[in-house]
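Data first, discussion second: the structure below is written as structure tokens.
The values are calculated or read from the model by the stated rules, or taken from the named source; none is laboratory data. Given the structure is predicted, the values throughout are model-derived calculations rather than measurements. With ideal geometry, Cβ positions are generated from the backbone for all residues, glycine too; neighbour counts draw on all protein chains shown. The protein model used for the area step is the full one, side chains on, heavy atoms only, and it has no ligands, DNA or RNA in it. Shrake-Rupley method; radii C 1.70, N 1.55, O 1.52, S 1.80 Å.
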Amino acid sequence: RLRSLGIVGQLPGFQGNVPVQLKALYNDANITAAGGTGWMDSLDPLFGKIADLWMETLINDFGTDHWYQMDGYFDGGTAPWMTSRKESQVTPPLDS
């Protein structure tokens, strides 16, 4: 119905929130528990694989004429794996 009215929908992009149980299946993945939700590091190779599957599913279900968003309101501050970097003021190079 929205498309027939010329309205473009907004769908969620993958931002790294995963079930905490995923850590048991992928022990080497950089997933930190935040309550009942897991927070996956976007630099982890598994992040890209899940993001690709996520987008493939959205495109198959809804097509490509949408906007995609990440909800910054769920940002709980500094990622746990960045704490030591932040405290030491070390910034990794972009190509690492």
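A compact table of results
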{"item": "Matching residues in the range 41-69 - criterion: being under 20 Å from ARG1 (Cα atoms), hydrophobic (A, V, I, L, M, F, W, C) and touching a residue at least 24 places away in the same chain (Cβ under 8 Å)", "result": "LEU58, PHE62, TRP67"}
{"item": "Residue ID - least open to solvent (accessible area, probe 1.4 Å), chosen from residues in the range 21-40 that are in contact (Cβ under 8 Å) with a residue 40 or more places away in the chain and part of a strand (DSSP E or B)", "result": "THR32"}
